1. Among all residue pairs at least 6 apart or on different chains, which show Cβ distances below 7 Å where the first residue, located in region 68-93, is in contact (Cβ under 8 Å) with a residue 60 or more places away in the chain and the second is surrounded by 11 or more Cβ atoms within 10 Å (Cβ to Cβ) and part of a helix (DSSP H, G or I)?
2. I'd like to know if region 24-45 contains one or more residues that are modelled with pLDDT under 90 and either loosely packed, with under 13 Cβ neighbours inside 10 Å or among the aromatic types (Phe, Trp, Tyr) (or both).
3. Inside region 28-42, can you point out the residues that are out of contact with any Gly (no Cβ under 6 Å at 6 or more places or on another chain), farther than 18 Å from residue 92 by Cα and among the hydrophobic types (A, V, I, L, M, F, W, C)?
4. For region 55-90, which residues satisfy the criterion of being modelled with pLDDT of 70 or more, more than 14 Å from residue 40 (Cβ to Cβ) and in contact with a Phe, Trp or Tyr (Cβ under 9 Å, 6 or more places away or on another chain)?
5. Looking only at region 64-94, filter to residues that are surrounded by 14 or more Cβ atoms within 10 Å (Cβ to Cβ) and small (Gly, Ala, Ser); which one of those is nearest to residue 24 (Cα to Cα)?
Amino acid sequence: MNILFALATGIMFAMGVFQLLRRDLIKAGMGFYILFTAINLLFLAVGAYNGSVPAYVDASSRPAGQPSDPLVQALILTAIVISFGSYALLLGLIAVSSRRFKTVDSDELDQLKG
């Protein structure tokens, strides 16, 4: 199962980078979101281990065993919020540039050159 999870994360990361390097700004935005999702899955794969006890259990009634790490859950939640905000900002920038320049092709945005 770990090999399958690693392959899925690697394929998503490769798809995200491939889409990010496209000339179409909408496809690049989709690649940005796929890449962030792959990074969140990487956080989950690296930080998760087989704990037999839930992370949030009262210390007095805790059964025997190794508890799961709650830090991974907090980091992934923070990463999801940050990626959502970044993606919303990126979509806003794509919408403004497509209205202003009447195209979403990055090669035709020659007015952005300094």
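1. Close Cβ pairs (under 7 Å, with a partner that is surrounded by 11 or more Cβ atoms within 10 Å (Cβ to Cβ) and part of a helix (DSSP H, G or I)) amount to 90/29; 90/32; 91/29.
2. Within region 24-45, one or more residues are modelled with pLDDT under 90 and either loosely packed, with under 13 Cβ neighbours inside 10 Å or among the aromatic types (Phe, Trp, Tyr) (or both).
3. Of all residues in region 28-42, those out of contact with any Gly (no Cβ under 6 Å at 6 or more places or on another chain) come to 28-30, 32-33, 36-37, 39-42.
From what is left, the residues that are farther than 18 Å from residue 92 by Cα are 37, 39-42.
Correct list: 39, 41, 42.
4. Once the filter is applied, which keeps residues that are modelled with pLDDT of 70 or more, more than 14 Å from residue 40 (Cβ to Cβ) and in contact with a Phe, Trp or Tyr (Cβ under 9 Å, 6 or more places away or on another chain), region 55-90 yields 69, 70, 90.
5. Among them, the one singled out is 83.
The values are calculated or read from the model by the stated rules, or taken from the named source; none is laboratory data. From a predicted model like this one, the values you see are computed outputs, not experimental measurements. Using ideal geometry, Cβ is built from the backbone for each residue, glycine included, and neighbour counts are taken over all protein chains shown.
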